[in-house]
1. Go through the range 339-351 and give me each residue that's in a loop (DSSP other than H, G, I, E, B) and at pLDDT below 95.
2. Got a sec? Which of I156, I138 is open to solvent by less than 60 Å² (accessible area, probe 1.4 Å), in contact (Cβ under 8 Å) with a residue 40 or more places away in the chain, part of a loop (DSSP other than H, G, I, E, B) and not acidic (D, E)?
3. For residues in the range 108-135 being in contact with a Ser or Thr (Cβ under 8 Å, 6 or more places away or on another chain) and either of a type in the set (A, V, I, L, M) or assigned to a helix (DSSP H, G or I) (or both), which is surrounded by the most Cβ atoms within 10 Å (Cβ to Cβ)?
4. Checking the conditions here, which among Y163, Y94, Y157, Y134 is of a type in the set (F, W, Y) and over 25 Å from the mean Cα position of the chain (by Cα)?
5. When the residues of the range 327-340 are narrowed to those that are closer than 13 Å to P377 by Cα and touching a helix residue (DSSP H, G or I) at 6+ places or on another chain (Cβ under 8 Å), which ends up surrounded by the fewest Cβ atoms within 10 Å (Cβ to Cβ)?
6. Just give me the residues in the range 361-384 being modelled with pLDDT of 90 or more and either in a loop (DSSP other than H, G, I, E, B) or touching a Cys at 6+ places or on another chain (Cβ under 7 Å) (or both), in sequence order.
7. Can you say whether H266 is touching a residue at least 40 places away in the same chain (Cβ under 8 Å) and either assigned to a strand (DSSP E or B) or more than 20 Å from H131 (Cβ to Cβ) (or both), as far as the supplied structure shows?
8. So if I check each of I285, I310, which one is open to solvent by 10 Å² or more (accessible area, probe 1.4 Å) and closer than 18 Å to N240 by Cα?
Amino acid sequence: MAVNVRYTRYLVLALVGMTFFYLVSRTNLRLPNSASFARPVQSYNEFKANKNEYPGANGTERVNATFVTLARNSDLWDMVKSIRTVEDRFNREYNYDWVFLNDKEFDDDFKKLTTALVSGTTHYGLIPKEHWSYPEWIDEDKAADARAEMERKKIIYGGSESYRHMCRYESGFFFRHPLMMNYEYYWRVEPSIELFCDIRADPFRFMKENDKKYSFVISLYEYEATIPTLWSSVKKFMTNHPEHIAEDNAMEFISDNGGETYNKCHFWSNFEIGSLEWLRSKQYIDYFESLDQDGGFFYERWGDAPVHSIAAATMLRKDQIQFFHDIAYYHVPFTHCPNDEQTRLDLACSCKPKDNFDWRDYSCTNKWFKVNHLSKPDGWDKKD
């Protein structure tokens, strides 16, 4: 009798299962996919408040990420300042790696001191010559004439050849260096920057768990004289590759007329935390190669900041771009300092709120808040 009862139960369960899948196949009923069970997207404040839920503190279960710096041997002491502030304010708790890249070999002094200061593992890479030289389609005489004309007009870095190689490299190659291929996320750090507040929750983990691809702390307008034909090149790319343009993107941030013209707003790329997988995607590589063929890195002075920003604003959803209000940052001449006093006290900040650049006329952060329907933080309008 017991066997018959067990058999009957199995038969009933089988019939119920078959009936369920029959109904699914005959109706519009759909089983939820795995994304339906993903952790809901959080704000960084929520993430920070719940940081004890997440592994990462004291170097355990870190995200596959690294700091990355493009530097020369002569930048050593400015780099010491940057490393010290990043380690003291954040990385001593996490021990993330650091990749240093240079178009010349790093010397022993640079390697010894930076290795001593970084809590994670340091890696030193030589930039391939083909990534720091003129591509074959560039007319070098025309490029030299362009530099001379921009220098005559006193345009910042207008006469610099190395600056142009740097901008092109940051726009299209750093993320493809062999040392960077081992990582999923990067945090760009320049020589002589400063972090003014403790960072109590891992931004890398926040980015990964909330599908963020790019982030910033300062945004501003680009010098128009450096990019006169950049937007024409971008529009050509968008016409040729409509499949790469995201729905619900941030076009409103970079254009005031639906993409007809560029309003010059960009994220300041000397600070950025982002997805290396996105930069290595066909989407971004097609974009960079299209711009590169047009020659504006050398015939004008296209910066990596507008190049990255336009890519993020057109090829990512708005909610994949993160503004880190709590990461207080300085790179000459601009400062980002949290507006609200309680945040500054909680994070042991050392910046002056009156130095905050966010809401000044030349900043684009106000526009970012409008595009995303965000409320400005407490204290944003204080002048002292």
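1. The answer is N339, D340.
2. Going through I156, I138 in turn, the sole match is I138.
3. T114
4. One residue alone meets the criteria, Y134.
5. Filtering the range 327-340 for residues that are closer than 13 Å to P377 by Cα and touching a helix residue (DSSP H, G or I) at 6+ places or on another chain (Cβ under 8 Å), the one surrounded by the fewest Cβ atoms within 10 Å (Cβ to Cβ) comes out as N339.
6. Selection gives D361, Y362, C364, K367, N372, H373, L374, S375, K376.
7. When the stated conditions are applied, H266 passes them.
8. I285
The values are calculated or read from the model by the stated rules, or taken from the named source; none is laboratory data. Every value quoted in this text rests on a predicted model; they were computed, and no experiment measured them. Counting neighbours? That spans all protein chains shown, and the Cβs are built from the backbone with ideal geometry, glycine included. We work out accessible area using only protein heavy atoms, side chains counted, and drop any ligands, DNA or RNA first. Shrake-Rupley method; radii C 1.70, N 1.55, O 1.52, S 1.80 Å.
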